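What follows is calculated from the coordinates using simple rules that are stated; it is not laboratory data. Everything quoted here is computed from the prediction, not taken from an experiment. Neighbour counts are summed over all protein chains in view; Cβ atoms, including those assigned to glycine, are modelled from backbone coordinates with ideal geometry.
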Amino acid sequence: MTDAALGTSASLAAAETLESSARRAWRRLMKRRGAVLGLTVIALFVLLTVFAPLIVPYDPVATSWSLVRKAPSMQHWFGTDELGRDVLARVVFGARASLLAGVISVGIALAVGVPLGLLAGYRGGFIDALISRVTDAMLACPFLILAIALAAFLGPSLGNAMIAIGVSATPIFIRLTRGQVMSVKVEDYVEAARAMGNPRWRIALVHILPNILPALLVQATLSIAAAIIAEAALSFLGLGQQPPAPSWGSMLNAAQRFLTTAPWMAVWPGLAIFLVVLSFNLVGDGLRDALDPKAR
Amino acid sequence: MLNFLAKRLAQLIPTLFFVSLLIFSLQHLLPGDPALVMAGEERDPAVIEQIRQQYHLDQPIPVQYAYWVKGVLMGDFGESLRNKMPVSSLIAQKLPVTMQIAGMAIVVAFLIGIPAGIISAVKMGTAWDYGANLFALWGISTPNFWLGIMLIFLFSVELGWLPASGYVPLSENWRASLAASVMPAFVLGNAIAAILMRHTRSAMLQVLESDYVRTARAKGLSERTVILKHAMRNALTPIITLGALELGTLLSGAVLTEQIFSIPGFGKLIVDAVFNRDYAVVQGVVLTTATIYITLNLIADIAYILVNPRLRG
C-alpha cells in the first residue's frame, strides 16, 4: 500500500469516528432542555432575520412625525421611537446586525486564531514563544477596551466593529488551540502518524485538528454570545452600526435619552439581546457537557 | 518559589514589549497622515510641518516608536489634543473614580457569587441549586448597559430612590457618594458574581468529594463545621485569585457603566477620547489598563503559590 492510500484510509477512519461521535454528541445535546430551548430561540431569531420583510408590515427606517414616541398599541405592538419608527420592525431588522456580527467576528477569530494556535502548539520553540507572548500581550488588554480602541482607529461602521471584535477575540482561540494541540500531540495515534512518515502539516490538519474541534466548538458558541454583547456595546457607543440602520445597541442609546417619557424604547432591544445571548450561552453550556469525554 | 518568580518576571518583559508595540501600532491603523488628523481644522502647511516635527512623525517608524517608549517609560504619555493636559495627569485624575466603583463592584460580586456558589454545591440538585444556576446564567447573559438603564428606570425614574447619574467623591460626602455609586457597582459586579458563582460551585463540588472531607465527616463533625471549616477554606483559595483576574471584565464593563451613569472615570475618558479623536489618550488608557492587568495577574500568581503549601518549595 502506498503512503497516500494509507493516509486516505486513515482520514476516512477519522471521518467515520468523527461522524459517529458527532452524532452521539448531538443525541446528548438534545437531551438537555436548556440547550434545546437555546437552539429553538436561535432558530426563531434566524427565521426572523431571513423573513423580516414578510413578518413586519413597517419599514424599520421610515420616520413619521405624527407617530413620535407612541406607547405600545394594536398597530405598533412595541410602540414607536423618537422619530416615529416602529420599534418592533427595528428590533426584528436589528437582529440581522447582531447575529451577523456575532457569527462573522467569531469566524474571523477562528480563522486567525486556530492556524496560529496549531502552529504554536505543534512547532513549539521560538515560534511558540513568539506567538504566545503576542497572545499574552493581547489578553492583557481587556476585551472590550481593545475592541473600542480598534474600532475607534478603524473608523465607526458595522464592518469595522466586526473586525475589531474578531481581532480582540482571537487570542482566546490561539491559547485554546495551542493548549489542546499540546495535549493531543503526545497521544499514541499522533505518534503513529508521525512514524508512518506523514508530513507535519498533514498531521496537524488530519490527525490533530479533528480531535480538538469539540473544545473549539464550545468556545466558539460561547464567544458568539460575548461578540453579540460586544457589538451591541460598540453600537451603543456609536462605533458599530451607523444610523439610520437599526441595531439593538444604538436603539438602547436613543432609548436612554427618553427613559422618562418612552420607557418601552429601552425594554425591547435589551430583551432581544438578552434572549439571543442567553440562548447561545445555553447551547454552549449544553455542548460542553455533551462533548465532555469524562461524562460518556 | 524564587525560580518561579524569576521565570514569571522574565516572561513579563516580552509581554510588555508586545503590548507597547500593539498600542503604538494602533496609531498606524489610522487612514491618512496622522499629522493631518492631529491638525484637525488647521490646514496651514507650516503648522502641519511643525506638528510633524514636534511628534517626530517625519522620522522612520522604529525611531518614532523609540521616542514614544522613551516618553512612556518616563511617565510621559503625550498630551491630550482636546484639553492640552498631559495624558498622565488625566489618567491620575480619573483612575480613582473608577477604582471606587470597581472596588464596590468586587465586594458586590463576592457577597453574591461566593455564598450562591457554596449553597448550590452543598444543596446540589435542589431548588436552591437550580435557582443559583439560573442567576448565574442571567448574570452572564444580561448586557450590563441594559441592566443599568432598567435600574435607572426603576429606582430613579419610577421610585425616585437613587440618583440617576453623577458621581460624588467618597471624601466629600460619603452618603451621597454611596447613593450615587450603588447602582453602577451592582451593574458592574453582577456579571462577575455570576462567574464567581460558577467557579465556587465547581470548586466546592470537587472538594466535597475529597478524602479529607470524608475523614472530617467520619470523625463525626457537624455538617456545618465540615463545610465552613474544611471544605470552604480549600475551595476558596483559587477563587480569591480568580477574582483578581476578573479585573479585565471589570474594566471593560466600566466603560459602558460609566457612560450610562455619567461617571467621570476611566471608562468615560476613553470613550470621550475616541469621539474627540484624542489618540494619545486612547493609547495611554489602553497601556495603563494592560499594565494594571499584568501586574495583578502576577500578584494573583504569587498569592496562589503562597496560599497553596504544595506549590511552595
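What the table below lists for this structure:
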quantity	calculated
Lysines with Cα under 22 Å of B:LYS84, excluding same-chain neighbours fewer than 8 positions away	B:LYS70, B:LYS94, B:LYS268
Under 24 Å from B:LYS229, Cα to Cα: lysines that are on another chain or at least 8 residues apart	B:LYS123, B:LYS219
Pair B:TRP138, A:ALA111: separation of 7 Å Cα→Cβ label points (nm)	3.9 nm
Helix runs (DSSP H) in chain A reaching 30 Å along axis by Cα, Kyte-Doolittle at least 1.0	A:87-123, A:158-184, A:209-236, A:264-291
Net charge, A:VAL167 excluded, C-beta distance under 15 Å - Lys, Arg +1, Asp, Glu -1	0
About the Cα centre, charge dipole magnitude for the protein assembly as shown (Lys/Arg +1, Asp/Glu -1 at Cβ), debye	1940 debye
B:THR98, A:THR63 arranged by Cβ crowding within 10 Å, fewest neighbours leading	A:THR63, B:THR98
Hull volume in cubic angstrom per residue (convex hull over the Cα atoms of the protein assembly as shown)	211 Å³
Amide H partners (placed H, <5 Å) of B:GLU79, local residues excluded	B:VAL87
Environment charge of B:MET124, counting only residues whose C-beta is closer than 12 Å and scoring Lys/Arg +1, Asp/Glu -1	0
Taking B:GLU209, B:GLU246, A:GLU187 and counting other C-beta atoms within 10 Å, the order from fewest to most	B:GLU209, A:GLU187, B:GLU246
Taking only Cα atoms of the stretch B:98-311, radius of gyration then Dmax in Å	19.8, 67
Top of B:LEU228, B:LEU208, B:LEU256 by mean-square fluctuation, Gaussian network on chain B, Cα under 10 Å	B:LEU228
Where labels lie 7 Å past Cα in the beta-carbon direction, separation of B:SER25 and B:LEU298 in nm	2.4 nm
Within the protein assembly as shown, helix-based [θ] at 222 nm, where runs of 4 or more DSSP H residues each add -39,500 (n - 2.57), nearest 500	-24500 deg cm²/dmol
Chain A: most fluctuating residue of A:ALA226, A:ALA272, A:ALA195 per GNM, C-alpha cutoff 10 Å	A:ALA195
Karplus (6.51, -1.76, 1.60) ³J(HN,Hα), θ = phi - 60°, over the stretch B:125-141, in Hz, Gly and Pro reported as x	x, 9, 4, 4, 4, 4, x, 5, 5, 4, 4, 5, 4, 5, x, 6, 8
Förster radius 35 Å - calculated FRET efficiency between A:ASP59 and B:SER262, Cβ distance, rounded to 0.05	0.55
Of B:GLY160, B:SER88, B:VAL107, farthest towards positive along the dipole that unit charges on Lys, Arg, Asp, Glu beta carbons give the protein assembly as shown	B:VAL107
Positive minus negative residues near B:SER80 (Lys, Arg vs Asp, Glu; Cβ under 13 Å)	0
Proximal lysines to A:LYS185, defined as alpha-carbon separation beneath 30 angstrom and excluding residues fewer than eight positions away on the same chain	A:LYS294, B:LYS7
For chain B, built as a Gaussian network whose Cα springs stay under 10 Å, the top-fluctuating residue of B:ALA180, B:ALA127, B:ALA303	B:ALA127
